[in-house]
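For reference, the structure is listed below as C-alpha cells.
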Amino acid sequence: MTRLGVLGWPVAHSRSPAMHNAALAALGLEGWRYQRLPAPPELLDELVRALPAAGFVGANVTIPHKQAALALADSASVAAREIGAANTLSFAPGGEIAAENTDAPGLIAALERAGRSPRGQSALVLGAGGSARAAVWALREAGAREVSVCNRTRERAIALADALGARVVPLPERADILINCTSVGLVRPSGGGDGDLNQLRLSLDLVGRYSYVVDLVYTDGDTPLLAAAREREVATLDGLEILVAQGALSLEVWTGCPAPLDVMRSAAREPDGGDPPDEDAFLLDVEGG
C-alpha cells in the first residue's frame, strides 16, 4: 500500500483523510490510502523519520508542527524556506525528506476563486504560527498593499513581521481583509461565540468593519468569527475552501495528477469518514520502540 497522511496534535478533527481518499479513488489510484497521524510534539522527529520505511510517500502537516517539519527536511522549496514553515512533506525512496508549503498558494487560489484577489488590499492576519507565516508571505507575494500582524505574544508577531516584511499592531484594527490563522474556534469555550471573539480581541462591531473575513479554522457550520461576520453582512471565506485548495496542491506534488477539486470539496464538507480502521496503529508502534 502507498500511504499518505496528516501529522498534527490534535488531528482528530481533520477532514483531510475524507478529502484525499475521495480524490485518490476518483483518480483511480488503487492501493493508495491517506490517514490521520496523531503526533505529540516530543515524538514528531521519530515519527516523521519512520514514515518512509512504513510505505509513506508524503504527509501533510498541521498545528502545531509546521515550523518543526521544515527543520526536519533535507531539502525545501523557496516558498517553504522563506515562510519558515512547511505543511507538505514528500519522502524519497532513500528516506530523504523534501518540504513544501502549499498553504500560501492555496490561500491565494481560494481567495481568487472567490473573486477576492488581495492585490492592492490591506490585510490583517491574526496569529504568528506556521499558517500565519504562510498567509503573510502569500499576501505580500500576491501584491497586498499592506499586511499587518496581531498576536497575543507580541514578540512572536515582531519576529514574523521582521522576517516577512509585515507591520505589527497591538490590537485588531480596520483592514480590507481579516484572516484568522489561530486555532480559536476549533474548540468552543464555555462562553460560546462571544468567548471566541474575546479570545481574538474582536467585537461584533469591529468584525463588521472588515470587507472580507477569512477563517482558517473549520467546523460543522460557521465558526463564531464567520457567524459574526455574516450577522454584519460581511462576505466570508471558510477554512474548508482553503483546506481544499492547499490539499489539491499537495496531492499534485505527491501523485503528479491534476486534483479533482469538486470531488475534494464535496468530501471535505461531509462530516466524519475517511480513515482506515487502524489509523492509530503506526503511532503506537513508534511509541513502543
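Values computed for the structure shown
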| item | result |
| --- | --- |
| The chain: most fluctuating residue of 73, 54, 259 per GNM, C-alpha cutoff 10 Å | 54 |
| Residue-averaged 222 nm ellipticity for the chain, from DSSP H runs of 4+ at -39500 (n - 2.57), nearest 500 | -11500 deg cm²/dmol |
| Diffusion coefficient, µm² s⁻¹, Stokes-Einstein with Kirkwood Rh over alpha-carbon pairs of the range 104-240 at 37 °C and 0.692 mPa s | 225 |
| Amide proton proximity set for residue 76, modelled H, under 5 Å, gap of 5+ | 99 |
| Structure-derived Cα Rg over 2.2 N^0.38 Å - corresponding label in [x] 0.97; [y] 1.12; [z] 1.18 | [x] |
| Long-range HN-HN contacts of residue 32 with modeled amide H, under 5 Å | 2 |
| Candidates 198, 101, 87: whichever shows maximal mean-square fluctuation once the chain is modelled as a Gaussian network with Cα springs under 10 Å | 198 |
| Max mean-square fluctuation residue, GNM over the chain, Cα-Cα springs under 10 Å, options 205, 196, 103 | 205 |
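Values quoted throughout were computed directly from the atomic coordinates according to the rules given, and no laboratory measurement underlies them. Predicted, not measured: the structure shown is a model, and the values here were computed from it.
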